[in-house]
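Structure first, commentary second.
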Amino acid sequence: MPNKWSGWLALALIAGCGERDRLTFQGPDGPEDKTPPVALIDDPRQDTVIAEGPEFLVGAQVSDASGVDTVYVDLEGTDHELLPLQGNGQDTVLVGIPIVTAGNHGVIVTVQVFGVDLAGNRGQRAIRKLTIE
């Protein structure tokens with residue numbers, strides 16, 4: 001009797017394979033994440049001139065569907081430094097970057113933002129140049 005059922009089972013599996021996707025096997029944690037996070041500077045939307053005097057706030061965000069681990073902000077043209085920000089696995093991390101403008105007339109500050117996701121993928125830098133006048 002077992003041979004009879006084995007034959008029918010084999011026939012059913014062979015006939016069904018043409019109608020559905022083949023089985024694929026992945027690691028224990030699912031498919032490997034190779035997609036890096038996306039960084040965006042959304043305020044200001046383009047390189048711009050800002051007034052000397054009050055502090056200027058640059059708005060940015062880093063997003064990754066599998067979770068952001070760390071956000072990095074590099075400032076060139078100023079002695080102000082920011083430590084890396086922890087993303088804590090959130091899919092989107094919003095960042096406000098303060099730019100000191102007082103006493104910096106004529107200085108060009110280059111703001112660069114990028115992120116690393118939980119899988120260790122490093123994203124491209126979003127870059128904005130701010131000229132203080």
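The values are calculated or read from the model by the stated rules, or taken from the named source; none is laboratory data. Quick caveat, the model's predicted, so the values are computed rather than measured. A quick note on method: Cβ atoms are made from the backbone with ideal geometry, for glycine too, and the neighbour counts reach across all protein chains shown. Note: areas computed on protein heavy atoms with side chains; ligands, DNA, RNA excluded. Shrake-Rupley method; radii C 1.70, N 1.55, O 1.52, S 1.80 Å.
Counting only protein heavy atoms and a 1.4 Å probe, tell me what percentage of the stretch 46-103's accessible area is made up of carbon and sulfur.
50
Distance from the Cα centroid of the stretch 59-92 to that of the stretch 32-51 is 10 Å (rounded to whole angstrom). With a cut-off of 13 Å between beta carbons, the residues surrounding Ala60 carry a summed charge of 0, where Lys and Arg count +1 and Asp and Glu -1. Within a Cβ distance under 15 Å of Gln124, other residues only, what is the Lys/Arg minus Asp/Glu net charge? Value of the local net charge: +1. Give me the net charge for the shell around Pro84: Cβ to Cβ below 11 angstrom, other residues only, Lys and Arg +1, Asp and Glu -1. So the surrounding residues net to -3. A 1.4 Å probe over all protein chains sorts Thr35, Thr110 by accessible area into Thr35, Thr110, starting with the largest. According to the calculation over all Cα-Cα pairs in the stretch 51-116, the P(r) per 5 Å bin from zero is 4, 17, 27, 20, 13, 10, 6, 3, 0 %. Largest to smallest in accessible area, the residues Glu133, Glu81 fall in the order Glu81, Glu133 (1.4 Å probe, all protein chains included). Within the assembled protein chains, the solvent-accessible surface assigned to Asp43 is about 80 Å², based on a 1.4 Å probe.
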